[in-house]
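The values are calculated or read from the model by the stated rules, or taken from the named source; none is laboratory data. From a predicted model like this one, the values you see are computed outputs, not experimental measurements. Neighbour counts run over all protein chains shown; Cβ positions are idealised from the backbone, glycine included. All accessible areas refer to the heavy atoms of the entire protein, side chains included, with ligands and DNA or RNA removed. Shrake-Rupley method; radii C 1.70, N 1.55, O 1.52, S 1.80 Å.
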Amino acid sequence: MAIQLSTSLRNARLDVYETHIGTGPILEIRSGAQPADCAAADSGTLLASITLPSDWMNAASSGSKTKSGTWQDASANNSGTIGHFRIKDSSGTTCHMQGTAGTSGDLVTDAATTTAGQTITVNTFTLTAPGA
């Protein structure tokens with residue numbers, strides 16, 4: 001039997017993510033597979049780095065939370081195939097969240113590959129709380 005949570009508890013759980021990570025976190029879009037966990041060192045090539053808006057996620061609703069505002073790097077750092085992302089605090093030193101990225105995956109971008117200098121835009125990013 002799976003534990004079930006109320007929608008209000010699922011929403012509160014999701015809203016804590018943004019509060020804990022803080023304002024203006026840094027999204028790194030990288031090549032290759034993500035590291036084993038957030039405590040592991042960065043892997044792959046840094047393709048794009050985006051300082052997210054101060055209020056970077058919409059308020060949770062119905063057990064889900066979506067990106068807020070525009071998530072875009074006007075000039076990609078390097079060329080390569082997008083593989084994963086990491087969200088770090090505003091200093092860029094502590095990874096708090098990571099997952100798959102590209103034209104499909106946990107974080108969906110407008111392109112599967114980057115060329116240094118091109119604009120990279122995140123189309124969708126949604127967190128869904130378990131326990132429904």
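Table for the structure above
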| read-out | value |
| --- | --- |
| Per residue, in Å², the accessible surface of the chain once ligands and nucleic acids are set aside, probe 1.4 Å | 49 |
| Segment THR23-SER104, extension gain: residue separation times 0.36 nm, minus the distance between their alpha carbons | 26.5 nm |
| GLN72 versus THR126: modelled label distance in nm, points set 7 Å from Cα along the beta carbon direction | 2.3 |
| Under Karplus coefficients 6.51, -1.76 and 1.60, residue-wise ³J(HN,Hα) of segment 44-61 in Hz, glycine/proline x | x, 9, 6, 9, 8, 10, 10, 7, 6, x, 4, 9, 8, 10, 6, 4, 4, 8 |
| For segment 1-91: span of alpha carbons on each principal axis (Å, largest first) | 44, 32, 22 |
| For THR113, residues with placed amide H under 5 Å, excluding near neighbours | ILE82 |
| Projected label distance in nm at HIS96 and SER6, using a 7 Å step from Cα toward the beta-carbon | 2.6 |
| Highest-first arrangement of 87-99, 2-14, where packing means the average Cβ count within 10 Å | 87-99, 2-14 |
| Under-5 Å amide H pairs with MET57, H placed in peptide plane, nonlocal only | SER68 |
| For segment 104-116, Karplus couplings with θ = phi - 60° (6.51, -1.76, 1.60), whole Hz, Gly/Pro x | 8, x, 5, 10, 9, 9, 7, 8, 7, 10, 10, 10, 3 |
| Percent carbon-and-sulfur accessible area, segment 1-98, ignoring ligands, DNA and RNA, probe 1.4 Å | 50 |
| Peptides 80-86, 45-51, 101-107 ordered by average Cβ neighbours within 10 Å, highest first | 80-86, 45-51, 101-107 |
| Relative contact order computed over segment 75-132 (Cα-Cα under 8 Å; 6+ residues apart), in percent | 34 |
| Value of relative contact order over the chain, rounded to a whole percent, pairs C-alpha under 8 Å and six or more apart | 29 |
| Area of VAL122 that stays accessible when all protein chains are in place (1.4 Å probe, Å², to 10) | 0 |
| Placed amide H near HIS96: partners under 5 Å, 5+ positions off or other chain | ILE87, LYS88, ASP89 |
| Electrostatic dipole magnitude of segment 63-112 [Cβ: Lys, Arg +1; Asp, Glu -1; Cα centre; debye, to 20] | 120 |
| Degrees, to the nearest 10: 7-21 long Cα axis against longest axis of the chain | 40 |
| DSSP beta bridges in the chain [antiparallel fraction, %, rounded to 5] | 95 |
